[in-house]
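The values are calculated or read from the model by the stated rules, or taken from the named source; none is laboratory data. Treat the numbers as computed from the prediction; the structure is a model and nothing was measured. Ideal geometry is used to build each Cβ from the backbone, glycine not excepted, and the neighbour counts take in all protein chains shown.
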Amino acid sequence: MILDTNALSALLDGEPGLEFLGECPELMIPVIVIGEYQFGLYQSKFRDQLEKELGILLSKANTLSVNEGTARNYAAVREELRQVGRTIPQNDLWIAALARQHHLPIVSRDVHFDKIKKVKRYGW
């Protein structure tokens, strides 16, 4: 399963509803999500503690990087959405492209992922 930024944040905050992730054999965290989360830490009073917790999680999870295959999926997803007059945030386009490329679901609160063909979202 791929964690979106809101899922990563909720997991590190210990929010209820994500217990099902404990049964997941592999958690995948896109570099895009790491960047978004790190940016958020710049505004946090608890930056040092949250960075430590992020480091622990990253040592147990797999990082997903962007490559040429991701770029092709990004273009396809963006074009599909354009054809139906929809848009989503740029970073979420990249996360959706990674999900489609690797045939993995996304854990996210963002319902706009539901509008993307061949991408499954788990909410909580």
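The table that follows gives values for the structure above.
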item: Selection status of Gly22, over 17 Å from Lys120 (Cβ atoms), modelled with pLDDT under 95, assigned to a helix (DSSP H, G or I) and among the small types (Gly, Ala, Ser); result: yes
item: Failed item, numbered, when Gln43 is tested on (1) over 22 Å from Lys120 (Cβ atoms); (2) within 17 Å of the chain's Cα centre (by Cα); (3) at pLDDT below 95; result: (2)
item: Residue selected from segment 3-16 under the condition under 18 Å from Lys120 (Cα atoms) and not in a helix (DSSP H, G or I), by the criterion farthest from the chain's Cα centre (by Cα); result: Leu3
item: Residue tally, condition surrounded by 11 or more Cβ atoms within 10 Å (Cβ to Cβ), polar (S, T, N, Q) and part of a helix (DSSP H, G or I), over segment 71-89; result: 1
item: Residues being of a type in the set (A, V, I, L, M, F, W, C) and free of Cβ contacts under 8 Å to residues at least 24 places away in the same chain - total across segment 8-28; result: 1
item: Unmet requirement for Ala96, which otherwise passes all of (1) more than 12 Å from the chain's Cα centre (by Cα); (2) without any contact (Cβ under 8 Å) to a residue 60 or more places away in the chain; result: (1)
item: Members of segment 53-70 found to be in a helix (DSSP H, G or I), out of contact with any Phe, Trp or Tyr (no Cβ under 9 Å at 6 or more places or on another chain) and surrounded by 12 or more Cβ atoms within 10 Å (Cβ to Cβ), listed by number; result: Glu53, Leu57, Leu58, Gly69
item: Close pairs from segment 64-79: first within 18 Å of Glu26 (Cβ to Cβ), partner assigned to a loop (DSSP other than H, G, I, E, B) and not β-branched (Val, Ile, Thr), Cβ under 9 Å, at least 6 apart; result: Leu64/Leu104
item: Members of segment 97-124 that are closer than 18 Å to Asn62 by Cβ and either of a type in the set (Asp, Glu) or assigned to a helix (DSSP H, G or I) (or both); result: Ala97, Leu98, Ala99, Arg100, Gln101, His102
